[in-house]
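**Student:** Below is one structure. I have some questions about it.
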Amino acid sequence: MNATAIAHPNIALIKYWGKRDKKLNLPAVGSISITLDDLFTETTVSFKGDSESDCLILNGRRASRQQENRVSNFLNIIRRKANIDCRAEVVSRNNFPTGAGLASSASAFASLALAGSQAAGLSFGPSQLSELARRGSGSAARSIFGGFVEMIKGEKADGSDAVAVQLAEPVFWELNWLVIITTEEEKKIGSTDGMSFSEKTSPYYPVWIDESKKDIDEMRSAILNRDFPKMGDLMEFNCMKMHALTLSSRPPVFYWNEVTLAIIHLIQELRLQKIPVYYTIDAGPQVKAICRPNDVDRIKEGLETIPGIKKIIKTGLGQSARLIEDRK
Ligand code: PMV
């Protein structure tokens, strides 16, 4: 009873920030993302009749108690659905920094949902997998699909309609992301805590909820019309609204560092020079810039003038989560 799956992280153009149900991890808003190509998480799940507890090996080392508990709680959902009782060994690795605002929880739980359900003998379709992955991490529901993806907020109390759908295949539009790493340190405040502060204390939270449907509808049509400036402008607007929520919370949460800000300034400067490039930032200090393939070199040249950038990862649009042959 074992299976191995690969899933890619995704970057939200329209962000998920806020929960309508904490236990079922239901989002308060819909979101739209692009699944990445070169970055991935590979996860093997082996259910073992003779083990007393679940065990998680993350990037070659035994994971922390907290990480193990999170995975164990997720495996409980699978065990209940499959009507099995045995514990599991989970071996997971990322080919990119973990927990630093690069959406590692998205690819982690998408690959865990696929490998775990398969190892437990469940054969779930993409929609059921997306619903399952969401229980681990809201953004993971989107990483089940490749290309351009929309997460539906859903209305039902049981969360069965809070799933992602694919808007377009990766080949629909050739774009590049530059994932700009400004630090490899793990962030101090995770997205769940950050969201909770915003929900409870930011005076702008109700406006965020009110405007969300409009942002989603406009972004969907910008993508389907391949309207790059409209997509980029709206992506930055939505990103800044999310960070305005974190900044206006009590206590305020500031996810950026000084390099993050220098990169934003440079991207604005590049646009003045008629190079179309736009940024977005999640719950961490890394910047993700989107551009057309022809502009990558000029943008990288500009970025190389900024001291403090640790690494730039160039990538395109990636595929859905998938099972792979067990290499062990
Ligand atoms: O999936 P979570 O719980 O890690 O939350 C993701 C939140 C953001 O990355 C900031 C936005 C998003 O939609 O991915």
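The values are calculated or read from the model by the stated rules, or taken from the named source; none is laboratory data. Quick caveat, the model's predicted, so the values are computed rather than measured. So basically every Cβ, Gly included, is an ideal-geometry build from the backbone, and we count neighbours across all protein chains shown.
**Student:** Among (1) in contact with a helix residue (DSSP H, G or I) (Cβ under 7 Å, 6 or more places away or on another chain); (2) among the β-branched types (Val, Ile, Thr); (3) closer than 30 Å to Ile223 by Cβ, there is one condition Val90 misses while meeting the rest; what is its number?
**Tutor:** With respect to (1) in contact with a helix residue (DSSP H, G or I) (Cβ under 7 Å, 6 or more places away or on another chain); (2) among the β-branched types (Val, Ile, Thr); (3) closer than 30 Å to Ile223 by Cβ, Val90 is out only on (3).
**Student:** While we're here: Looking only at region 19-43, count every residue that is more than 13 Å from the ligand (Cβ to nearest atom) and either under 11 Å from Ser139 (Cβ atoms) or of a type in the set (S, T, N, Q) (or both) and tell me the total.
**Tutor:** 2
**Student:** Now for a different question. Exactly one condition in (1) more than 16 Å from the ligand (Cβ to nearest atom); (2) within 21 Å of the chain's Cα centre (by Cα); (3) not polar (S, T, N, Q) is false for Tyr16; which is it?
**Tutor:** (1)
**Student:** Restricting the first residue to region 77-93 and requiring it to be over 12 Å from Gly116 (Cα atoms), which pairs with a second residue that is among the basic types (Lys, Arg) and buried (at least 16 other Cβ atoms within 10 Å of the Cβ) meet a Cβ separation below 7 Å and a spacing of at least six or different chains?
**Tutor:** Asp85/Arg79
**Student:** Could you pull out the residue among Thr260, Thr246 that is within 23 Å of the chain's Cα centre (by Cα) and closer than 17 Å to Val29 by Cβ?
**Tutor:** Of the residues listed, the single one that is within 23 Å of the chain's Cα centre (by Cα) and closer than 17 Å to Val29 by Cβ is Thr246.
**Student:** Kindly provide the set of residues from region 129-187 that are surrounded by fewer than 24 Cβ atoms within 10 Å (Cβ to Cβ), among the polar types (S, T, N, Q) and touching a Gly at 6+ places or on another chain (Cβ under 7 Å), ordered by number.
**Tutor:** Gln166, Asn176
**Student:** Every residue in region 183-211 that is modelled with pLDDT under 95 and of a type in the set (Val, Ile, Thr), please.
**Tutor:** Thr183, Ile189, Thr192, listed by residue number.
**Student:** May I pose another question? Do we have Asn69 as among the polar types (S, T, N, Q) and at pLDDT 95 or above here?
**Tutor:** For Asn69, the condition - among the polar types (S, T, N, Q) and at pLDDT 95 or above - is met.
**Student:** Taking the condition basic (Lys, Arg) and more than 21 Å from Leu323 (Cα to Cα), does Lys19 pass?
**Tutor:** So Lys19 passes the test.
**Student:** Report those helices (runs of 4 or more DSSP H) wholly inside region 208-310 carrying at least 2 residues which are within 16 Å of the ligand (Cβ to nearest atom) and touching a residue at least 24 places away in the same chain (Cβ under 8 Å).
**Tutor:** Passing ranges, in order: 228-247.
**Student:** Of the conditions (1) at pLDDT 95 or above; (2) touching a strand residue (DSSP E or B) at 6+ places or on another chain (Cβ under 9 Å), Gln286 fails just one. Which one is it?
**Tutor:** (1)
Every residue, every condition in (1) of a type in the set (Phe, Trp, Tyr); (2) within 28 Å of Ser196 (Cβ to Cβ); (3) under 19 Å from the mean Cα position of the chain (by Cα); (4) surrounded by 15 or more Cβ atoms within 10 Å (Cβ to Cβ), yes or no:
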position	(1), (2), (3), (4)
Pro252	no, yes, no, no
Trp256	yes, yes, yes, yes
Ile264	no, yes, no, yes
Leu272	no, no, no, no
